[in-house]
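Structure first, commentary second.
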Amino acid sequence: MAKLNIRNCARCKKIFAPTSGEKICPECRAADAELEERVKAYVRDHHGLTVNQLIEGSGVPAKLIWRMIQQGLFENAGLLDAEYPCANCGKLITKDVYCSECAGKLKENAQKFAAALVSKRAAAEKKSKTFSDSMHDMMNSSR
Ligand SMILES: [Zn+2]
Ligand SMILES: [Zn+2]
């Protein structure tokens, strides 16, 4: 069955058709690209900026700048620091999405979740096995 591939833009909530799993609509992407250009130009024109100066000076939302830093767009671009907050606790970090503490916790949670899934599945398998075993017994006894 063909599934109509549409979703709500994560930013403006407008419905659009993603072509390769994008979360925001083309208009928001274009707006982002424009802002990114502004940020890049600002960094080019002002050497030796800190991230905060860049956020204040360019007038671009901090989130977008943090994402650009995260993507490594400012490596060797003349920024004094390339720090942004951990997506979970807000501690300043320079790589990945989460700080090492949060990353560890999240990993732990993910493992717990996976373990819970596995034991659930094992229980379900046990059940179906018992069922097939009893079928087997039944067939054997009717022989
Ligand atoms: Zn949008
Ligand atoms: Zn954290």
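None of the figures in this text is laboratory data; all of them are computed from the coordinates on show. Since the structure is predicted, the reported quantities are computational estimates derived from the model, not experimental observations. Reconstructed Cβ throughout: ideal geometry from the backbone, glycine too, with neighbour counts over all protein chains shown.
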(message) Around LEU92, under 10 Å between beta carbons, what's the net of Lys plus Arg minus Asp minus Glu among the other residues?
(response) -1
(message) What value in Å³ per residue do you get for the convex hull of the alpha-carbon atoms in segment 1-70?
(response) 90 Å³
(request) Could you quote the convex hull projected area for segment 32-85, Cα atoms only and averaged over all directions, in nm²? (result) 3.1 nm²
(request) Could you pull out every residue, at least 5 positions away or on a different chain, whose amide H is within less than 5 Å of the one on LEU49? Hs are placed 1.01 Å off N in the peptide plane, and Pro or chain starts have none. (result) LEU80
(message) Treating only the Cα positions of the chain as identical point scatterers, give the base-10 log of I(q)/I(0) from the Debye formula at each q in 0.19 Å⁻¹.
(response) -1.12
(message) Given bins 5 angstrom wide, list per bin the percent of all Cα-Cα distances in segment 68-126, short to long.
(response) 4, 17, 17, 14, 11, 9, 8, 7, 5, 4, 2, 1, 0
(request) Using Cα pairs closer than 8 Å and at least 6 residues apart in sequence, work out the relative contact order for the chain, in percent. (result) 12 percent
(request) Return the long-range amide H neighbours of ILE93 (sequence gap of 5 or more, or a different chain), with a cut-off of under 5 Å between placed amide H atoms. (result) TYR84, CYS86
(request) Could you run the Karplus curve 6.51 cos²θ - 1.76 cosθ + 1.60 with θ = phi - 60° over segment 42-53 and give me ³J(HN,Hα) per residue in whole Hz, x for Gly and Pro? (result) 5, 5, 4, 7, 10, 7, x, 7, 8, 4, 4, 5
(request) Over every pair of different alpha-carbon atoms in segment 98-137, take the mean of 1/r and invert it; report that Kirkwood radius in Å. (result) 12.1 Å
